[in-house]
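Participant: Below is the structure I would like to discuss, written out as structure tokens.
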Amino acid sequence: MRPLPMSLEPIAGESLVSYLLRLAYRLSLPPLHLARMAGWINGPRHNPLARKLLLDIAPPQAEAFARLTKLTTEEVAALTLSSWQHRYPPVARSMPDRAGPSWSDSWLFTTSPRFCPSCLAGDGTAAQRLHGGPWRKIWHLPVVFACVEHQQFLLHACPHCGQGHSSPGPLTHRMNDNTLHPAQCRRPLAGMSAPGRKTPACGGQLDDPAAVRRNINPRPAQALLDFQQSLLTQLTPSLPAREASEYFTDLRLIAALISTSWPQGRHLADAGSAEKIDAHIHNQRHGTPGVPRHRQLLDPLPRDPAACAALLSAAQLLLDEEDLESVLSRFARAAFNSRPSRTPWALISARHQDTCSERLRTAAEPATRTFRRTGGCRGTRAPVRDDYRPEHIAAFLQPDWYQRHLARFTGMPAKIVRRTAAVRLVQWATGGSQGDAAAYLGINPGKMQFKAASGTRPWAQARFQPAGLDAALRELAAELRTPRQPLIDYLRRRQALQEWALDTGTWEALVSELAPIPGPVRPVVNDRKRQDASIFVWTQVTCGEHLFAPRPIEAVQPPHIQLEWAQRRNTTWFQLSRPDPLRHYADLRKALTQYARQLARDIDAGRPPAN
Ligand SMILES: [Zn+2]
Ligand SMILES: [Zn+2]
């Protein structure tokens, strides 16, 4: 590959997409052409630019682009968000495992950054006048709501066509167009497509001074700009990375608590800001119909920069409270009417507990009290074993453990033995009652929506335990002190998938890759099967029983559909789990098993699927 005849100096802080657009514009080439020359896009013509390029470009791709543009590989890497991975946890959380899928953390705008029109207009130097100002990397971070330099709120949508909401999409649109300026809106205009012709792009100038005037948000107050500056400082090497990372996690946990318990925190914002937060909360709750309020967790930040600033400021105010512990407990009580350990906030706190500060971890304990805390106030029994931790026990006891230690108890159905053994082991490690241990494992007879086979008797009925079961379990527990394989945190997996189902995009992609079935009959791939497939994946990842799997797709169906699905569930389940399934189910099972393996790896590596 030969270098390009002309290149372009990158602007400090600009993103990979920004540089690509500006360089292509300078060379009058479509950006697609450059991306192909750098080997970023292979395969079919319309393949989009992968999101992971923006997060962390792989060395061969960085080197190819560096050769092409006569930049150094360091300069190419500086165009990505990777420099913040130890400072701003959502970057690391979205970071692609280069072989697998990448998740998008809701605290990161990968595809639709907000922007400052004045920055896009350039700084007046000849180069920026000709090829446009930068699309800044910081605009991908939802914690950046204003341009400190131009003292204005960012824009979150194109002022001409109104597009740019946080819908998932490609990194940039119209890659094949060599006429659009980098500061022009590249989004296709809906409703303007004609057969055989390309949909025209909006083409609106995003650097138009009129766009600034049309910004519905007034200029931010100085205090807000100072706050923005302090957030930006956290992203620079002037502070230790660990400190910054804890700060952003703390801010996120508190913002989620404020959103979820809203309007409990109304007093933290002035009237105008509170109204903006109101609108955001309303939209969020509207977006998850059918989920009761106390089960919802509102984690994403608002797209509207002014609302976003208001929510972050409120979070900062709470974080600054001296008695953080009682404030958090008050908010958690207002938000949720269930036991602290069961609230969605407890779950998200657990998910982020490795990156939040020690101060917040301690202050949040009463509000998220976990099963790990034993004895004391509730008068429960103390743990009797410390060979292993309760999170290492799968709800449907690991099959190899069962085989090694318990398979000889043939007087009880294997299903009951595995369930009972798991409950017992957890109880030994946590203390507390059998009911607590079952709840910890997500074994909840109330969740079973139908009762059929004898194997689904409530676990509690299995108290008649064969003699010797406890002795066998003690043997197993002792083995766990020096386990044959690294122990897996199943609690984390269950929490990551608590309300999880395959999204339609992933499902369609999985199904479309199945080999075609001969004959005229097409297998059904509707939402019901998507629900069953999700449950299959869940059982693989969490090592749990399908009876206790979440069914979020089913939950939002009208009652008569739910009934219909429940009646057909056994059939699909049988097809997916029997040893000699029909061809379609065998293929599907293989694809789902593969998907589950990757999902488990991602969760274990701290990259759970986005909510
Ligand atoms: Zn600006
Ligand atoms: Zn537009």
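The values are calculated or read from the model by the stated rules, or taken from the named source; none is laboratory data. Values in this document were obtained by computation on a predicted structure and should not be read as measured data. Cβ atoms come from the backbone with ideal geometry, glycine included; neighbour counts cover every protein chain shown. Side chains included, ligands, DNA and RNA excluded: accessible areas come from the protein's heavy atoms. Shrake-Rupley method; radii C 1.70, N 1.55, O 1.52, S 1.80 Å.
Participant: Accessible area of the chain with a 1.4 Å probe: how many percent of it is carbon plus sulfur?
Facilitator: Answer for the chain: carbon and sulfur cover 54 percent of the accessible area.
Participant: Now, a different point. At 1.4 Å probe size, what's the solvent-accessible area of Met37? Round to the nearest 10 Å².
Facilitator: The accessible area comes out at roughly 70 Å².
Participant: So, one more: With each run of n ≥ 4 DSSP H residues scored as -39500 (n - 2.57), what mean residue ellipticity at 222 nm is computed for the chain after dividing by its residue count and rounding to the nearest 500 deg cm²/dmol?
Facilitator: Using -39500 (n - 2.57) per qualifying helix, the result is -13000 deg cm²/dmol.
Participant: Show me the ranking of peptides 545-554, 420-429 by mean Cβ neighbours inside 10 Å, starting with the highest.
Facilitator: In decreasing order of mean packing, 545-554, 420-429 become 420-429, 545-554.
Participant: In degrees, nearest 10, range 0 to 90: what is the angle between the Cα axis of helix 16-27 and the longest Cα principal axis of the chain?
Facilitator: Approximately 30 degrees, to the nearest ten.
Participant: What does the accessible area per residue of the chain come to in Å², with a 1.4 Å probe and no ligands, DNA or RNA counted?
Facilitator: So the chain comes to 45 Å² accessible per residue, rounded to a whole number.
Participant: A further question on this structure: Report Glu508's accessible area, 1.4 Å probe, all protein chains in place, as a number in Å² to the nearest 10.
Facilitator: Counting only protein heavy atoms, the figure is 120 Å².
Participant: Could you tell me what fraction of 2.2 N^0.38 Å the Cα radius of gyration of the stretch 517-558 comes to, as a two-decimal ratio?
Facilitator: 1.41
Participant: I need the peptides 353-363, 125-135 ranked by packing, meaning the mean over residues of other C-beta atoms within 10 angstrom, with the highest value on top.
Facilitator: Ranking the peptides 353-363, 125-135 by packing returns 125-135, 353-363.
Participant: So which of Lys137/Lys276; Lys198/Lys590; Lys198/Lys276 end up more than 32 Å apart by C-alpha?
Facilitator: From Lys137/Lys276; Lys198/Lys590; Lys198/Lys276, over 32 Å: Lys198/Lys590; Lys198/Lys276.
Participant: Give me the number: length gained by fully extending Leu317 to Ala334, i.e. 0.36 nm times residue separation minus the C-alpha to C-alpha distance, one decimal in nm.
Facilitator: Difference between extended and current length: 4.3 nm.
Participant: How would you classify the stretch 510-601 from its alpha-carbon gyration tensor, with a ≥ b ≥ c the square roots of the eigenvalues: rounded for a/c under 1.5, else prolate if a/b is greater than b/c, otherwise oblate?
Facilitator: In terms of gyration-tensor shape, oblate.
Participant: What are the semi-axes of the equivalent ellipsoid of the stretch 141-182, taken as the square roots of 5 times the eigenvalues of the Cα gyration tensor, listed largest first and rounded to whole Å?
Facilitator: 23, 14, 11
Participant: Put a dot 7 Å past each Cα toward the Cβ at Trp573 and Asp470; how far apart are the dots in nm?
Facilitator: 3.2 nm
Participant: Given a cut-off of under 8 Å on Cα pairs at least six residues apart, what relative contact order in percent is computed for the chain?
Facilitator: Relative contact order for the chain comes out at 11 percent.
Participant: Evaluate E = 1/(1 + (r/R0)^6) for Asp226 and Ala126, where r is the Cβ-Cβ distance and R0 equals 25 Å; express this FRET efficiency to the nearest 0.05.
Facilitator: Efficiency at R0 = 25 Å is approximately 0.15.
Participant: Further question: Please compute one quarter of the surface area of the Cα convex hull for the chain and express it in square nanometres.
Facilitator: 31.8 nm²
Participant: Working out 0.36 nm times the residue gap between Arg408 and Gln485, then minus their Cα-Cα distance, what length gain in nm do you get to one decimal?
Facilitator: 25.4 nm
Participant: Now for a different question. Summing +1 for each Lys or Arg and -1 for each Asp or Glu, what net charge is found among the other residues whose Cβ lies under 13 Å from the Cβ of Arg404?
Facilitator: 0
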